[in-house]
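One structure is given below, encoded as structure tokens.
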């Protein structure tokens, strides 16, 4: 069994909920990333993606200098634990169409992040079929929610 702790990235850039969207975008550019966990210093509050900035803020005419991260972040975040099995996390990512998951301990403290790329590149036990199925699930158009 491969644990997420063996695959996750531990050097995670974060953003605070009161930071401006401009600051978040600059952080994303500086680190060449498209997602930032929103962190209050003690626990994970949500996730902010480059898509959130564009679709939820800029498209609605919000000012990136005055609009806060907390205004457009995704608050209900799926996460996994460092001890979870990689196969279980692959299934979750496929089912939920997620490209990355924050990794939190039992107190919601952010300890890392795992991406689909981490699961493919770093997991020596990865078989092509489970990854192929995960990719198919992630890339499938989202169906309307009932």
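The values are calculated or read from the model by the stated rules, or taken from the named source; none is laboratory data. All values reported here derive from a predicted model rather than from experimental measurement. We place every Cβ from the backbone using ideal geometry, glycine too, and count neighbours over all the protein chains shown.
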Within the range 51-66, track down each residue that is without any contact (Cβ under 8 Å) to a residue 40 or more places away in the chain and either part of a loop (DSSP other than H, G, I, E, B) or within 30 Å of residue 1 (Cβ to Cβ) (or both).
61, 63
Name the one entry in 34, 94, 41, 61 that is crowded, with 18+ Cβ neighbours inside 10 Å and farther than 13 Å from residue 114 by Cα.
94
Which ones in the range 67-121 are in a strand (DSSP E or B) and farther than 19 Å from residue 11 by Cα?
68, 74, 85
Condition first: modelled with pLDDT of 90 or more and buried (at least 20 other Cβ atoms within 10 Å of the Cβ). Now tell me which residues in the range 111-129 satisfy that.
112, 113, 114
Among the numbered conditions (1) touching a strand residue (DSSP E or B) at 6+ places or on another chain (Cβ under 8 Å); (2) modelled with pLDDT of 95 or more; (3) in a loop (DSSP other than H, G, I, E, B); (4) closer than 30 Å to residue 21 by Cβ, tell me where residue 48 comes up short.
(3)
Out of (1) surrounded by 15 or more Cβ atoms within 10 Å (Cβ to Cβ); (2) under 21 Å from residue 120 (Cβ atoms); (3) touching a helix residue (DSSP H, G or I) at 6+ places or on another chain (Cβ under 9 Å), the one residue 102 does not meet is (3)
For residue 24, the lone unmet condition from (1) without any contact (Cβ under 8 Å) to a residue 40 or more places away in the chain; (2) within 15 Å of the chain's Cα centre (by Cα); (3) assigned to a helix (DSSP H, G or I); (4) surrounded by 13 or more Cβ atoms within 10 Å (Cβ to Cβ) is (1)
Any idea which of (1) in contact with a strand residue (DSSP E or B) (Cβ under 6 Å, 6 or more places away or on another chain); (2) modelled with pLDDT of 95 or more is the one residue 26 doesn't satisfy?
(1)
